[in-house]
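The values are calculated or read from the model by the stated rules, or taken from the named source; none is laboratory data. Since the model is a prediction, treat every value here as computed from it, not as a measurement. Cβ coordinates were reconstructed from backbone atoms using ideal geometry, including for glycine residues, and neighbour counts include every protein chain displayed.
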Amino acid sequence: MRIKTVSVGDILTRMAQSLESMSGVLPHGTLFYSGASSSYWVGVEVLATVRRTMFNTADHGAFTATIPFPETVFLFYVDREKIVQSKLFACIPPIGRRNDQLFRFPFGNVYEDGKICWGNIVLPR
């Protein structure tokens, strides 16, 4: 019979090389998380509120207005620590059941399929 002695540190190093790990900490309002640590979808619910928002139109130029925002659901696809796809929908709370409906967000920078046009904004990692 042969015996090989292996240190705990060696075992942990080998396991860390073969397993993906996560902190388990998700953003406030997270509805779901699906995928691996290197590429995943995350859905985050943002409560309805009133916000001061800047608009830029051909008729009136740049201006700000205080407007109500509906309850919303953001969907982000992250690949290698970078947001590569984002969507936004309005919703009627509570959200999270299989048959809950999502609605088109009522701003011009959100397309019918929910994709967000960020303009010249560079999204953070």
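Hey, could you check the range 81-121 for residues that are at pLDDT 90 or above and of a type in the set (D, E, K, R) and say which is farthest from L31 (Cα to Cα)?
Going through the qualifying residues, I end up with E112.
Does any residue in the range 97-125 that is in contact (Cβ under 8 Å) with a residue 40 or more places away in the chain come within less than 6 Å, Cβ to Cβ, of a residue that is surrounded by 13 or more Cβ atoms within 10 Å (Cβ to Cβ) six or more places away or on a different chain, and which pairs are these?
Hits for this filter: L123/I83.
State whether the residues of the range 30-39 include one that is closer than 28 Å to W118 by Cα, at pLDDT 90 or above and not hydrophobic (A, V, I, L, M, F, W, C).
Scanning the range 30-39, I find at least one residue that is closer than 28 Å to W118 by Cα, at pLDDT 90 or above and not hydrophobic (A, V, I, L, M, F, W, C), so the answer is yes.
Could you tell me which residue of the range 66-80 is modelled with the lowest pLDDT, considering only residues that are among the charged types (D, E, K, R) and out of contact with any Cys (no Cβ under 8 Å at 6 or more places or on another chain)? Working first, answer last.
Step one: filter the range 66-80 for residues among the charged types (D, E, K, R), giving 71, 79-80.
Next, from what is left, pick out any that are out of contact with any Cys (no Cβ under 8 Å at 6 or more places or on another chain): 79-80.
On the way: D79: 93, R80: 90.
Per the stated criteria, the residue is R80.
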